[in-house]
Amino acid sequence: MPAPLDELIEALRCLPGVGPKSAQRMAYHLLQRDRKGATRLGNAVQTALATLKHCSRCNTFSEAEVCERCRSSARDHSLLCVVEMPADLAMMEQTHAYNGLYYVLMGRVSPMEGIGARELRLDKLLARATDGAVEEVILATNYTNEGEATAHYVGEMLRSRGLKVSRIARGLPVGGELEHTDIGTIAQALIERRRV
């Protein structure tokens, strides 16, 4: 195999969920069927690497030192929602149910992967949450073992500083049917029930 092709295949393997066969198919597709797409992809990656950095306030990707969301006076600066990744922030925004600010951890506590508080730079989160403007921190990490561990660790850290900390609820999905829902989700929905 030519060295540039081998290098392209190896480079594509860095993407999550892409194994050797998928990387090989992508490489062949880009070279044989979509050279314009390959050029656009390469240019987009180079541009993103050259222009994007982390917002100094919320830690998401931004072209500026402080992102537009953090600069906005239309948002509620007393609320801070902690999410794992920028994709989680995007999902929260799509709900149109939250108008506060965010902090993106860029990961989650995962001892098996060697990721702890230091790797997540929780000191930056602590500084952000205790800046005097934040009144409530909403933990919106995923309901995985790592997400739960992260929420617990962050919640304890922030509560010990006197901050009000809440956790997003979990339960049945909108439009979901009980017979098609796992028992853990049903149990959690019962535990987190509310008055109507």
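Quick notes on this one:
- Number of the condition not met by A169 [criteria: (1) farther than 22 Å from M106 by Cβ; (2) open to solvent by 90 Å² or more (accessible area, probe 1.4 Å); (3) in contact (Cβ under 8 Å) with a residue 12 or more places away in the chain]: (2)
- Residues located in segment 114-157, provided they are among the acidic types (D, E) and touching a residue at least 40 places away in the same chain (Cβ under 8 Å): E135, E136
- Restricting attention to segment 1-25 and to residues that are part of a helix (DSSP H, G or I) and open to solvent by 70 Å² or more (accessible area, probe 1.4 Å), the residue that is farthest from G107 (Cα to Cα) turns out to be A3.
- Elements of type helices (runs of 4 or more DSSP H) contained in segment 65-165, each with 3 or more residues being open to solvent by 50 Å² or more (accessible area, probe 1.4 Å) and under 30 Å from T51 (Cβ atoms): 68-71, 86-94, 122-129
The values are calculated or read from the model by the stated rules, or taken from the named source; none is laboratory data. All of these numbers come straight from a predicted model, not from anything done at the bench. So basically every Cβ, Gly included, is an ideal-geometry build from the backbone, and we count neighbours across all protein chains shown. Remember, those area values only see protein heavy atoms, side chains included, never the ligands or the DNA or RNA. Shrake-Rupley method; radii C 1.70, N 1.55, O 1.52, S 1.80 Å.
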